[in-house]
1. Roughly speaking, what is the stretch gain from residue 289 to residue 314, that is 0.36 nm per residue apart minus the C-alpha to C-alpha distance, in nm to one decimal?
2. In what sequence, highest mean first, do 117-126, 75-84 appear when ranked by Cβ atoms within 10 angstrom?
3. With no solvent and one equal point scatterer per Cα, compute the Debye intensity ratio I(q)/I(0) for segment 197-336 at 0.12, 0.14, 0.17 Å⁻¹ and report its log10, rounded to two decimals.
4. Taking just the alpha carbons, could you work out the radius of gyration and Dmax for segment 42-157, both in angstroms?
5. What number do you get for segment 250-302 when its Cα radius of gyration is normalised by 2.2 N^0.38 Å, N = residues?
6. Under a crude label model (7 Å from the Cα following the beta-carbon direction), how far is residue 275 from residue 53 in nanometres?
7. Roughly what would the spin-label model give for residue 354 and residue 378, points 7 Å off Cα along C-beta, in nm?
8. If every alpha-carbon in segment 120-191 counts as one equal scatterer, what log10 I(q)/I(0) does Debye give at q = 0.16, 0.21, 0.24 1/Å?
């Protein structure tokens, strides 16, 4: 409903109040239900925004094979038996056939790697050689053909390491999956914190809760397990997907919901959403086509946007997550040209917010990296600040020296509004950095 000026001149105060009330109710219904469901994928031309002529090969592990910080992107390459990673600046594009900087990190295949959420240059890697290493990547990148030395080397045991993940709230706290054992490491003191955290078989995926207090894992034993690093054993467990070839699990921010992807008994792809308060059965379940590759789930807790990309596919599915019925809503599907070998989400701090960008997915192909930018339509009638959300600032919520005393800590947030549009900064009691 649009109120014309001439109409407003003819009505009295009571009628004007009623008309404005109707306008407000209509606006709330129309625009506040979802600001991002109409976000559209934008992909640059192949010769302009892609990274080309890479040697990626066909990496086989439970990792995503490409990760990004606000400064760098790191990806698997077919070099030295998979023991190296390609390292480029986040905005780097073009052909990299002979001059792609490589990080020669391990003597065996690198299974997983992760950037520290509080340090854009701190990278952790793990491999089949049974070691976890932490590297410092300079802001201007690494120099080709110059050896790099790790900051930290951990040897959790003789088993190969399959997964790792930095804690989202505690400085230098790392979770690693060695075969069927889940290990929590304090990187500052290089000591193991968690004990007796085990699946019956190989761990395939793990994910921290957004507040850093708990984590969830999935394994080849077809189980999902909830863990508290301060307590021995798992808190809860539930049946996962019927086919144990591969599975992924993702804690949706600091909510009470966990999303898992895998394969059903007939090799059909499955996506399940669970409430940890009723963990035994999913509150929402989706089954799709039969395929060998499970979905890699990428979730943005600031916008509740979920992206699903599967190895071997050429599509990226964008869903919206809500914590009430119907829980999962399909929004759009991007059909690309490149078969997916890996996928990663770019941190919010690197978004081009003045172009309406709210998320960016990096697709790793056999010889390229394709950025898929999701942008919201900007309408003149809407406040231009409506699409700016609070996001992870990248500041430490809790020092590693305090993890023995207190593991629960709120993450530190910052508005994604450009600096020129920020009017004031306040520090609420919970420790979140909010801009208004």
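1. The span from residue 289 to residue 314 would gain 7.6 nm if fully extended.
2. Ranked from most to least packed, the peptides come out as 117-126, 75-84.
3. Each listed q maps to, in turn, -0.44, -0.60, -0.90.
4. Answer for segment 42-157, Rg first and Dmax second: 13.8, 46 Å.
5. 1.18
6. With each label placed 7 Å out from Cα toward Cβ, I get 5.5 nm.
7. About 0.9 nm separates the two model spin labels.
8. -0.58, -0.92, -1.11
Readers should treat all values here as calculations from the given coordinates under stated rules, not as data from a laboratory. Because the structure is a prediction, the values reported are computed rather than measured. Cβ sites come from the backbone with ideal geometry, for glycine too, and all protein chains shown count toward neighbours.
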